[in-house]
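Data first, discussion second: the structure below is written as C-alpha cells.
The values are calculated or read from the model by the stated rules, or taken from the named source; none is laboratory data. Just so it is clear, the structure is predicted and the values come from calculations on it, not from any experiment. We place every Cβ from the backbone using ideal geometry, glycine too, and count neighbours over all the protein chains shown.
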Amino acid sequence: MKQFACGDVVAGCPRTFTAVDSDGILTEVNGHARSDHRLADVPAELVGQVLLAIREIA
C-alpha cells in the first residue's frame, strides 16, 4: 500500500490518500487538486512532487 499526505506538498492541507499503487494515489490527488485547491490543470512539477512524497505503508 502507498500513502500520500497533501500537506507534504501543500502547506496546511490535512488530506491524506491511501491506495495500492502510485497510480491510484495520483488519481485521487488529481480530483482533490481540482476540487479543493481549485487547480484546473495539475502541473507536471506538482505531480513530480507528489510522486516523491508518496510513502510505502504496511
- Query: Would it be correct to say that Gly7 is at negative phi, in a helix (DSSP H, G or I) and touching a Cys at 6+ places or on another chain (Cβ under 7 Å)?
  - Reply: yes
- Query: Just a yes or no: is a residue in the range 30-49 β-branched (Val, Ile, Thr) and in contact with a strand residue (DSSP E or B) (Cβ under 9 Å, 6 or more places away or on another chain)?
  - Reply: no
- Pairs under 7 Å by beta carbon, first residue part of a loop (DSSP other than H, G, I, E, B) in the range 10-22, partner aliphatic (A, V, I, L, M) and at pLDDT 95 or above, six or more apart or different chains? Val20/Met1
- Task: Please specify each residue of the range 12-42 satisfying the condition of being at pLDDT below 95 and either at positive phi or among the small types (Gly, Ala, Ser) (or both).
- Result: Ala40
